Amino acid sequence: MSDTRNDSSEIDPAVRAELTRLRESIDNIDAAVVHMLAERFKCTQQVGVLKAEHQLPPADPAREARQIARLRELAESARLDPAFAEKLLNFIIAEVIRHHETIADGAR
């Protein structure tokens, strides 16, 4: 027996319209996230250059810990899983540190 719910021609037009509306919103949000991350990395690149110019270490564990705590609080207030938010920020921080190390290596 086949499941006709997977056949898009069998989906109620109102449901299809709602799915389309929601997916368009998701696509817009994804685009905004990518643009926001690009802006964030432009700033962190400048931080990396400044750190390299002044022989500062690529990582700042105290700042990172403050940022993680802050993001966890923001996530909770936004009803987003704080553990997910922390994982995301840790991924971003690791990438930023990698960029800062590359910048520092180029400044030597």
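Using only alpha-carbon positions in the chain, the gyration tensor eigenvalues give semi-axes of 42, 17, 12 Å once each is multiplied by 5 and square-rooted (largest first). Fewest neighbouring Cβ atoms within 10 Å first, the residues Phe41, Phe91 line up as Phe91, Phe41. Among Ile97, Leu50, Ser77, pick out the residue whose Cα is farthest towards the positive end of the charge dipole of the chain, where Lys and Arg carry +1 and Asp and Glu carry -1 on C-beta, about the Cα centre. After comparing all options, I get Leu50. Subtracting the Cα-Cα distance of Leu74 and Arg23 from their residue separation scaled by 0.36 nm leaves 15.9 nm. A simple spin-label model places pseudo-atoms 7 Å from Cα toward Cβ; at Asp30 and Asn90 they are separated by 2.6 nm.
In the elastic network of the chain, a GNM with C-alpha springs shorter than 10 Å, the most mobile of Glu53, Glu76, Glu18 is Glu18. Here the 3J(HN,Hα) profile of region 9-17, calculated from phi with Karplus coefficients 6.51, -1.76 and 1.60 at θ = phi - 60°, is 6, 8, 6, 3, x, 5, 5, 4, 5 Hz, Gly and Pro shown as x.
Our coupling estimate for region 75-82, obtained by passing each phi through the Karplus curve with A = 6.51, B = -1.76, C = 1.60 and θ = phi - 60°, is 4, 4, 5, 8, 6, 10, 4, x Hz, Gly and Pro reported as x.
Helix content alone sets the calculated 222 nm mean residue ellipticity of the chain: runs of n ≥ 4 DSSP H residues at -39500 (n - 2.57) each, divided across all residues, give -28000 deg cm²/dmol.
Dipole magnitude for region 4-107: computed about the Cα centre from +1 point charges on Lys and Arg Cβ and -1 point charges on Asp and Glu Cβ, it is near 280 debye.
Ranking Pro61, Leu19, Ala31 by Cα position along the charge dipole of region 7-76, where only Lys, Arg, Asp and Glu carry charges on their C-beta atoms, puts Pro61 farthest toward the positive end. For the chain, modelled as a GNM whose springs connect Cα atoms under 10 angstrom apart, the maximal fluctuation among Pro13, Pro61, Pro82 occurs at Pro13.
Read-outs: derived from the displayed coordinates by stated rules, not from any lab. Predicted model, so just to flag it, every value in this text is computed and none were measured. Methodologically, a virtual Cβ is constructed for each residue, glycine included, from the backbone with ideal geometry; neighbour enumeration extends over all protein chains shown.
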